[in-house]
Amino acid sequence: MHNRMTTALLFGLLSQLPVAAATCPGTVVLQDSFNTVNPALNLTPYDSATLKIQGGRAEISVTKAQFARVEIYSGLRYGDANVCLTVATPSTDTPQKQDGGIVFWADGSASHYTFEITPEGKFSIAQLSSGKWSYPVHLTDSPAIVQGTGKTNTLRVLTKGSTATLFINDQQVGVFDGTPPAGGGMVGFVGDSSDQLTGSVSFDFTNFAVAIP
């Protein structure tokens, strides 16, 4: 997850918002089920990463080692909120350090936090600020993660003030204090390859939602 690059930014608002979602506690204010292509998403293919929307999922494919595609719902800012996402870890390539997960407390493509998991049962929090990555929570083992390639896990970040509480499969796995943007942060999702990538790696995302607790 080192030396990562942000490659994409999402624009616009979602056209339909449900009144409730069982997988994201609270009143849902943003949801993308990925059943159709939402105009907020940037599907432009890049040399090193692509994004596809089909069959109720968003798929990020990365073909370059140590590379990330970060997708942010631009213009939508939240203070205290639950951010929820289901992640299917890659079913190809090696499992080591292949990260996928939630983007939160984003002030833009060059300033944000990520909450990611790996197929080998680790999670981490990374922060991009002023062009530099730091790791408020380094790669940490968690029994809450269903391990193995091609496995599905549900992530949730609860932000309250400057504190973020982390959940995996409805189990609390960590708490840390960060620096949210003034006026609230934007949200999104990310797929990240490791330095061991030899071909390509794909991440499937479903059930993205933001709810006010």
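Read-outs: derived from the displayed coordinates by stated rules, not from any lab. Treat the numbers as computed from the prediction; the structure is a model and nothing was measured. Cβ atoms come from the backbone with ideal geometry, glycine included; neighbour counts cover every protein chain shown.
Of 159, 114, 27, which is the most mobile in a GNM of the chain whose springs link Cα atoms less than 10 angstrom apart?
27
Treat the count of other C-beta atoms within 10 Å as a stand-in for reagent exposure and order 71, 120 from fewest to most.
Sorted ascending by nearby Cβ count, the order is 120, 71.
Restricting attention to the alpha-carbon atoms of the stretch 27-212, what are Rg (one decimal) and Dmax (integer), both in Å?
Cα-based Rg and Dmax for the stretch 27-212 come out at 14.9, 42 Å.
If you place +1 on the Cβ of every Lys and Arg and -1 on the Cβ of every Asp and Glu, how big does the dipole about the Cα centre of the chain come out, in debye to the nearest 20?
Working: 12 positive and 16 negative charges, 31 e Å.
Dipole about the Cα centre, nearest 20: 140 debye.
What relative contact order, as a whole-number percentage, does the chain give when Cα pairs under 8 Å and 6 or more residues apart are counted?
It rounds to 31 percent for the chain.
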